[in-house]
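Asks: Structure provided below as structure tokens; questions to follow.
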Amino acid sequence: VGSKDKLTYLRLMQPLYVKPECMKCHGHQGYKIGDIRGGVGISLPMYDILRHAYRQFKIHTTAFLILWALGGTVLFLGSKKLQKNTKELALSNIDLQREVEERKKADIALQKESSFTASVLNTAGALIMVIDNTGHIIRFNQTCEQVTGYSASEVSGQKFWKFLLSPEESLQMQNSFANINHGGLAMKRIGRLITKDNKRRIIDWANTTFRAQDGSIEYVISIGIDITEEKQLQEQLLHAEKLAAIGKLSASIAHEINNPLFGIRNVLERLKEKADLDHDNMEFAELAVQECDRIKNLIKDLQDFNRPTSGMFVPIDLHQSIDNMLLLLRKEFENKKITLSLNYAKSLPRINAISDQIKQVILNILNNAIEAIEEFGIITITTRQTDETVVIEISDTGSGIDDESMQHIFEPFFTTKTSVKGTGLGLSVTYGIVKNHGGSIAVSSLEKGTLFSISLPISGEKKHG
Ligand code: ADP
Ligand code: MG
């Protein structure tokens with residue numbers, strides 16, 4: 001506000017109109033209402049007001065400027081900070097993304113690895129089982145499922161000895177696991193495994209342990225190979241070798257006995273003819289000759305039986321085969337005072353069969369029958385003919401077979417006898433031979449004892465279809 005502003009005035013000029021109240025005094029002067037009869041003017045010196053307004057303006061402007069500057073700074077700083085934060089966020093976002101990607105990659109790798117492990121576990125021909133230190137099944141691979149008949153979901157979390165082992169082996173295993181941290185568990189073991197349908201398999205197990213940091217065993221990894229067939233073959237081979245050895249031995253003994261026997265028989269015949277024997281002595285000599293003949297037959301049978309199997313199907317007389325075997329077993333019948341009851345068919349056609357194998361079948365079943373009788377029993381042999389087959393039934397009044405054993409008697413190595421007496425091979429070999437002849441074998445329990453019934457086709461041929 002300059003000095004010249006001191007002369008600044010605000011002026012108001014207004015016309016003065018004639019109003020009705022003016023007429024009282026001025027009406028006579030010829031005034032009319034609404035005429036303009038002069039003017040009113042007001043002059044207001046503005047200097048002080050302008051100065052005040054200017055000062056006010058300055059104060060406000062300064063205050064606003066300061067406020068603006070302050071606000072601007074804060075905003076500026078804020079935006080800087082925001083920018084920085086955004087940048088940092090973007091950076092950490094990239095890091096995060098990278099991490100996620102890496103994790104994804106690791107996940108895929110892990111997945112690959114685990115599916116690789118799973119397929120190795122599953123395609124391995126071996127049984128692979130992971131068990132925790134208290135015997136619970138953690139893993140059960142496909143081979144385990146195939147061999148045992150149990151599915152992995154069925155068994156996981158269960159104690160494996162509850163259903164995979166026989167009662168004795170189960171007890172043994174529970175002991176092993178109770179002492180697992182004191183060397184209780186064998187690292188290698190051949191054991192029997194019971195399948196869901198109650199069959200036995202022989203498994204060669206190798207165990208590895210997985211230890212916790214404190215050294216205690218956390219898991220056991222058991223890898224097993226099913227060696228049932230191999231073992232069977234091995235035992236059969238052994239059995240066959242044993243038989244062959246016995247065969248050779250008896251053949252050579254037979255040969256050694258045959259010659260002097262022939263000599264003795266000749267001397268006896270000569271005595272009978274030439275010596276002057278009284279009646280009694282004559283009978284003794286005759287008896288001696290007969291006994292010589294019996295030994296001769298026995299030796300012949302022994303030689304026959306131990307000859308390696310011919311594998312040739314020839315017509316054979318079953319009654320004669322049975323008689324031959326009975327001759328071999330005469331001593332056993334006598335020792336146990338067993339009565340033999342023969343129920344032969346009047347006439348039986350010859351059947352086409354491998355002679356020594358059929359004899360072995362008869363011998364196996366008769367041996368079992370004798371072994372089942374403690375003393376004073378009866379063994380009955382019945383033969384008959386049906387349309388195309390002949391049937392041989394051999395029954396005994398022995399111990400009989402309980403229901404549980406009945407399901408297993410044809411399995412190799414199933415025996416209820418001590419290891420010296422039984423190999424558990426007799427009936428499985430018998431079964432194999434009968435099947436090979438196109439026949440069938442059945443067993444049933446009698447009120448007292450057991451009946452084995454064998455049916456063989458006369459033609460010796462397997463029926464097809
Ligand atoms: P092994 O005679 O060596 O035991 P087998 O295969 O001949 O083997 O017989 C298997 C099992 O079947 C025997 O251990 C026995 O328990 C049973 N068995 C077979 N025949 C008879 C029978 N006639 N009476 C009772 N049990 C029998
Ligand atoms: Mg036997």
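Each reported figure results from applying straightforward, stated rules to the coordinates on display, with no laboratory input. Source: prediction; values computed, not measured. Here the Cβ positions follow ideal geometry from the backbone for every residue, glycine too, while neighbour counts run over all protein chains shown.
Asks: Say each of LEU287 and ILE94 gets a label point 7 Å from the Cα, pointing the same way as Cα to Cβ; how far apart are those two points in nm?
Replies: My value for the distance between the label points is 11.9 nm.
Asks: Where Lys and Arg each count +1 and Asp and Glu each count -1, what net charge lies around PHE452 among other residues with Cβ under 11 Å from its Cβ?
Replies: -2
Asks: Please give every one of the aspartates and glutamates within straight-line cross-link reach of LYS4, meaning a C-alpha to C-alpha distance under 16 Å, and leave out same-chain neighbours fewer than 8 residues apart.
Replies: Candidates past the 8-residue exclusion: ASP48.
Asks: Where a Cα-Cα gap under 13 Å defines reach, which aspartates and glutamates qualify for LYS188, not counting those fewer than 8 residues away within the same chain?
Replies: ASP204
Asks: Taking the Cα-to-Cβ direction at MET23 and at ILE225 and moving 7 Å from each Cα, how far apart do the two end points lie in nm?
Replies: 14.4 nm
Asks: Please work out the FRET efficiency for the pair GLN320 and LEU171, using the Cβ-Cβ distance as r and a Förster radius of 45 Å; give the result to the nearest 0.05.
Replies: Rounded to the nearest 0.05, the efficiency is 0.30.
Asks: With the cut-off at 25 Å, tell me which of the pairs LYS58/LYS81; LYS417/LYS448; LYS296/LYS359; LYS346/LYS448; LYS296/LYS435; LYS112/LYS196 have Cα atoms farther apart than that.
Replies: Beyond 25 Å: LYS58/LYS81; LYS346/LYS448; LYS296/LYS435; LYS112/LYS196.
Asks: Counting Lys and Arg as +1 and Asp and Glu as -1, what is the net charge of the other residues whose Cβ lies under 14 Å from the Cβ of LEU287?
Replies: My count for the surroundings of LEU287 gives -3.
Asks: Label ARG139 and SER347 with points 7 Å out from Cα along Cα→Cβ: what is the distance between them in nm?
Replies: According to this spin-label approximation, the distance is 7.2 nm.
Asks: What longest region of the chain stays clear of GluC sites (Glu not before Pro) that DSSP places outside H, G, I, E and B and that have at most 16 other Cβ atoms within 10 Å?
Replies: Of all site-free stretches, the longest is 1-373.
Asks: While we're on this one: Does anything in the stretch 51-70 have its amide N under 17 Å from the 7 Å Cα→Cβ label point of ASP5, and if so which residues?
Replies: Counting only backbone N, you get 51-62.
Asks: What is the sum of charges, Lys and Arg at +1 and Asp and Glu at -1, for the other residues whose Cβ falls under 14 Å from the Cβ of PHE163?
Replies: Surrounding charge for PHE163 is +3.
Asks: Would you kindly state how much longer the chain becomes between ILE253 and ARG51 on full extension, computed as 0.36 nm times their sequence separation minus their alpha carbon distance, in nm to one decimal?
Replies: 57.1 nm
Asks: At 222 nm, what value in deg cm²/dmol follows for the chain if DSSP H runs of at least 4 each add -39500 (n - 2.57) and the sum is divided by all its residues, to the nearest 500?
Replies: -17000 deg cm²/dmol
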